[in-house]
Amino acid sequence: MNTTRSAAALPLPAAAPAGIFCARNIVLGFVALLAFAPAVLPEFYVTLLNYIGLAAMVALGLVLLTGVGGLTSFGQAAFVGVGAYTTAVLTTSANLPGWIAWASSPWLALLVGLALTALIAVILGSLTLRLSGHYLPLGTIAWGISLYFMFGAMESLGGHSGLSGIPPISVFGWTLDEGREIFYLIWAFLLLAVLTTQNLLDSREGRAIRALKGGQVMAESMGVDTSRARMIIFVIAALHAATSGWLFAHLQRFVNPTPFGVHVGIEYLFMAVVGGAGQVWGAIAGAGVITILKQWLQDWLPAIFGTAGNFEVIVFGLMMVLVLHRAKDGLWPLFARLVPAAAPLRKIDAAAKPLPRKPMPPAGEVILEAKNVTRKFGGLVANNEMSLSVKAGEILALIGPNGAGKSTMFNQLSGVDTPTSGEVLFRGQSIAGKDSRAIARLGMSRSFQHVRLLPKMSVLENVAIGAHLRGSQGVIPAAWRLDRAEEARLLREAALQVERVGLGEFMHAEAGSLALGQQRILEIARALASDPCLLLLDEPAAGLRLKEKQALGDLLRRLRGEGMAILLVEHDMDFVMGLVDRVVVMEFGQKIAEGLPEEVQKNPAVLEAYLGGVE
């Protein structure tokens, strides 16, 4: 298939369904209700809405950090404390040093608090985000406890008694010294945070963040700097929390350490998870449900059981277990079902300027060469003096029985692992020891033995992850939608690759809804979106039916005809022998045969080692 197909051939999404406009109207209605709430509600409910807004801002950061990025943090309350104490100290101290005296107003204190929070988040993130598994949440508990006790131990912060006399915030001369007045500021900050977070997730950087849940190896192979992506969402979540703390301090006009303990951090995490950890609006839903529920329990249970015990804590805990058991994706998806809305289709701009393409190397040029590659794990030699080469316009199969060392060799070639000795050259350049991102940038892309897709993301967006390296816009342009021209180009490229592999009719379907064979082809489309000259395919035919294998074979032949070099690791001999140009056979980490398919099939060593000696 021609890779420079006309843009006019791209599928364009249909007009937005009426349900989308209904959902949009509901959001506008919600904003309108907020606008009128302080004028019609009693003071108690306005105060309750203020606390819901403050909590939702912290939960929103956790939606990004935990629900989208897969990083669990119990320490966000400590960042709330950093924002609150920073503004409290700067706005109440009479003898500030000259170098910081300029920041004695609430708005300037906000800037200082955000800068300080970002610095602390980078330091803590550099230490904490290196951890994995259960060590990561334990690490967040550790620094959460440390910051909490620091707030109470430092006399300059008022100790456990706290700081009082915090001045109100003023906006254009309007002093926000009552709950009804600061209400608008709290919810303006929250809605702005929701908007920018949605914009971020709907971008190149957002796809990189969402790719974290697909696994570090997959994301890095697509060119995503996973360490950077993790740090970005960690800092953003901390900044949301610090902003909430700043607003909290000027709402309360008093701060002490109590609201910033780990137990409150756990409550914020509950809000994100209960609302819907992967849903931006779930942060508001979770904060609202838990804040109101706690208030009701505190009002009702003492009247029923008396005040002798903390029954509200017991009942609250049981109810949270029930919610998590019955609604594992949170409450927001349940709310969303009540709205007759379809998922909005991503617009594909057929007129967007095509992304630049690297010239394909001439047929026959050696693209990848491994020379005497050895990989040892202690006393185990997984690869022993392995050599092979792949040429442009050629499909090379790497085969062998289970345990032969094929996957290890695959990892040496793709940058997932580093050879103990030997050399790997890609287009004449040594890549041994280079990371997957650097190798992907040179023009190598891959698929995986076990499909690694983002099942809830559309086919189009999954493929667009593969084009990550071909864009450059960062977080701030994405948050404020200044990246739309580049985004249109990336989506156009993704759509072309989806069409190229024959999945055009599934463009806007969830990747998880596709059959296994289609998912494997989708992985190839994602790899092609990076504009490679070499594809490494790890058992692409595994688990496929006959017709799916035939479709895969036809696709690989087309790619070979376009000049693509392909290295194929596969077990299915019928599929391999009718498709590839050359075969390399491994056994016990060594190469035992290499040649044309018909030659290898007759090789006695291969028949003995791989085919069991049967001719």
Provide the per-residue ³J(HN,Hα) series for the stretch 533-538, in order, calculated from phi with Karplus coefficients 6.51, -1.76, 1.60 and θ = phi - 60°, each as a whole number of Hz, with x at glycine and proline positions.
10, 9, 10, 10, 10, 9
For the stretch 389-465 and the stretch 203-266, distance of Cα centres in Å
31
20 Å Cα-Cα threshold exceeded, pairs from Lys213/Lys358; Lys213/Lys328; Lys347/Lys547; Lys358/Lys456
Lys213/Lys358; Lys347/Lys547; Lys358/Lys456
Over the alpha-carbon set of the stretch 453-529, divide Rg by the Kirkwood Rh and report the Rg/Rh ratio to two decimals.
1.00
Filter the trypsin sites (Lys or Arg not before Pro) in the stretch 130-227 to those in DSSP coil with at most 12 other Cβ atoms within 10 Å of their Cβ, and list the result.
Arg130
Which loop-located trypsin sites (Lys or Arg not before Pro) does the stretch 511-547 contain, where loop means any DSSP state but H, G, I, E or B and the Cβ has at most 12 other Cβ atoms within 10 Å?
Arg545
Whole-number percent relative contact order across the stretch 44-336, with pairs defined as alpha carbons under 8 Å at least 6 apart
35
Percent relative contact order for the stretch 359-460, counting Cα pairs under 8 Å at least six residues apart, stands at 26
Which order do Lys406, Lys549, Lys456 fall in if you start with the one that has the fewest other Cβ atoms within 10 Å?
Lys456, Lys549, Lys406
Lys353: which aspartates and glutamates have alpha carbons under 17 Å from its alpha carbon, excluding same-chain residues fewer than 8 sequence positions away?
Asp483, Glu486, Glu487, Glu493, Asp531
What lysines could a cross-link reach from Lys602, if we take a straight Cα to Cα line under 27 Å and drop same-chain neighbours fewer than 8 places away?
Lys371, Lys391, Lys406, Lys549, Lys591
Mind sorting out which of [x] 39; [y] 30; [z] 45 is the real percent of Cα pairs over 40 Å apart computed from the coordinates?
[x]
Listing Phe575, Phe335 by rising number of other beta-carbon atoms within 10 angstrom, fewest first, gives Phe335, Phe575
Please state the relative contact order of the chain as a whole percent: Cα pairs under 8 Å, 6+ residues apart?
18
So for Tyr184, Tyr148, Tyr51, Tyr268, fewest C-beta neighbours within 10 Å to most, what's the order?
Tyr184, Tyr51, Tyr148, Tyr268
Please work out the C-alpha center-to-center distance from the stretch 362-381 to the stretch 118-139 and express it in whole Å.
36
Taking r as the C-beta separation of Asn95 and Trp480 and R0 as 30 Å, the FRET efficiency to the nearest 0.05 is 0.15
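Computed from the coordinates by the stated procedures, all read-outs in this text should not be read as laboratory data. Here the structure is a predicted model, which is why all the values come from computation and not from measurement. Quick reminder, even Gly has a Cβ in these numbers, built from the backbone with ideal geometry, and neighbours come from all protein chains shown.
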